[in-house]
Amino acid sequence: MSTIKERDSKVIWHPYTSMKAWPEAIGIVRGEGIYLFDEEGNRYIDAISSWWVNLHGHSHPYIAKKVSEQLNTLEHCIFAGFTHGPAVLLAERLLNILPGGMKKIFYSDNGSTAVEVAIKMALQYWGNKGIKKRKLIALENAYHGDTFGAMSVSGRSIFTEAFTEYLFEVEFIPFPCKGKEAESVTALETALKNSDVAALIVEPLVQGAAGMQMYSPAVLEQFFLLCKQYNTLIIADEVMTGFGRTGTLFACEHISTSPDIICLSKGLTGGTMPMGATATTQDIFDAFYDDDKMKMLYHGHSFTANPVACAASLASLDLLLQDSCTESRERIASAHAVFAGEIRNDNMISEVRQTGTVLAIELKAGTASYHQSLRDTAYNFFISKKIIIRPLGNIIYILPPYCIATDELNTIYDAIRQLLVHLRSLK
Ligand SMILES: Cc1ncc(COP(=O)(O)O)c(C=O)c1O
């Protein structure tokens, strides 16, 4: 009998994978808490929450129960001309906890589509008002997804290289690295002054795929204030930062100026089902509220507001909003801070960064190219220790499910200590 792994290699084309270089995938058969179990009986710690989606652990019994109940009640229903309780309740609950007076939720399928919707809303908003504002501004090295609009507002990289000529023009301002914040703020103001800017899109506080690059709430506030000053919309892409990763429920809560549009996905369903949501203010919604059908938003997906995904999201919110979950996130953040302090001056490390439950360790390696051999060495080292950590170039990061126990965090920290020793031995 063939293994899943063997059958996979005959029929599957994996994401972000050179199928020639890495033809084999580990066959997972089960998940429980922070662990994934493979078909050979190995147990892996999921230190990166399965691409940053999982909040409460795998196959969480409470979410499973709620999803199962929903499956037996209503599995799916067209969302134009029809609605259902879970979609309405989820919108009500999200609007209750989102920062900045969001008033409407537009559902879609994933993070990229949440961003596509946001971009379309921002561009058409000005069109509907008869105001010529066409340009989008984003941060260098941003990552907002893999569909064409989302790729356009993402930094140009090997991810987008094959499609460069098909992407629309976006003005990129320098990432506000520590000590160079003023340059970014000035670049943003110059861009806002010189052109008709429809919107700024940012990953607030942490640029995930760029290597968990972090910047201060003070700069984010300055960016947002400038946009308000120049009457430009702000899109906060909280696809990764949302649902508690940065300490607060949403990264934008670290500041007092609000975005106009917030993109959500990943942790929205607790990592159980695919789902995207784009939240907007009343002002944005009102620009589409018109007798003229040309002013409506022509966007939707077959699985928009899927009831099972809504049920998973509601169950995940129940867990997320419990005090015990807040305490877990604080415990993780404190443990990260202690470990960061311990390794910060290691001679193999160039920088240790932390925002809330996200800890990133940048290894000394010259350029941070995605294909560095250091990345593969580190990845394979962690896999040999039965820990799933997918370094971004020379950057190792931990972004665990909130149910991780202190002992389990220590196992991960210990593996990182061992990696540093191993790397030293290779020098
Ligand atoms: C900030 C951000 N936006 C958008 C996306 C795209 O989300 P998805 O992979 O669900 O399309 C990601 C994915 O990593 C992300 O980190």
Leaving out same-chain residues fewer than 8 places away, which lysines sit with a Cα under 27 Å from that of Lys10?
-> Lys20, Lys386
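Kindly provide the chymotrypsin sites (Phe, Trp or Tyr not before Pro) of segment 63-155 that DSSP labels as loop, not H, G, I, E or B, and whose Cβ sees at most 12 other Cβ atoms within 10 Å. Write down the numbers at each step before the final one.
Numbers: sites: Phe79, Phe82, Phe106, Tyr107, Tyr125, Trp126, Tyr143, Phe148; in loops: Phe79, Phe82, Tyr143.
Passing both the DSSP loop test and the Cβ count: Phe82.
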Distance from segment 1-56 to segment 68-91 (C-alpha centre basis), Å | 31
The distance between the Cα centres of segment 134-186 and segment 351-427, in whole Å, is 26
Select from Ile383, Ile28, Ile12 the residue whose mean-square fluctuation is largest in a Gaussian network model of the chain (Cα-Cα springs shorter than 10 Å).
-> Ile12
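What does the convex hull of the alpha-carbon atoms of segment 64-320 project to on average, in nm²? The partial results should precede the final answer.
Working: hull surface 54.8 nm².
Dividing the Cα hull surface by four gives the mean projection, 13.7 nm².
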Check each of the GluC sites (Glu not before Pro) in segment 148-221 and keep only those in coil by DSSP with at most 16 other C-beta atoms within 10 angstrom; list them in order.
-> Glu169
Pick out, in residue order, every one of the GluC sites (Glu not before Pro) in segment 10-85 that is DSSP loop and has at most 15 other C-beta atoms within 10 Å; say none if there are none.
-> Glu24, Glu39, Glu40, Glu75
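Where Lys and Arg each count +1 and Asp and Glu each count -1, what net charge lies around Ser258 among other residues with Cβ under 13 Å from its Cβ?
Around Ser258, the charge tally is -3.
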For the chain, what's the relative contact order in percent, using C-alpha pairs closer than 8 Å and at least 6 residues apart?
-> 21
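Helix-only mean residue ellipticity at 222 nm, the chain, DSSP H runs n ≥ 4 weighted -39,500 (n - 2.57), per residue, nearest 500. What is it? Provide the component values of the computation, followed by the final result.
Numbers: 13 runs with 159 residues, N = 427.
Taken over the chain, the calculation gives -11500 deg cm²/dmol.
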Rg (Å, one decimal) plus Dmax (Å, integer) for the alpha carbons of segment 217-360?
-> 18.8, 65
Report the residue, chosen from Ile34, Ile131, Ile261, that carries the largest GNM mean-square fluctuation when the chain is represented by alpha-carbon nodes joined by springs under 10 Å.
-> Ile131
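In the chain, what % of DSSP beta bridges are antiparallel (nearest 5)?
Once the DSSP bridges in the chain are tallied, antiparallel ones form about 65 percent.
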Between segment 101-117 and segment 263-300, the Cα center-to-center distance that results, in Å | 4
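Any read-out appearing in this document is the output of simple, stated calculations on the displayed coordinates, not a laboratory observation. All of these numbers come straight from a predicted model, not from anything done at the bench. Ideal geometry is used to build each Cβ from the backbone, glycine not excepted, and the neighbour counts take in all protein chains shown.
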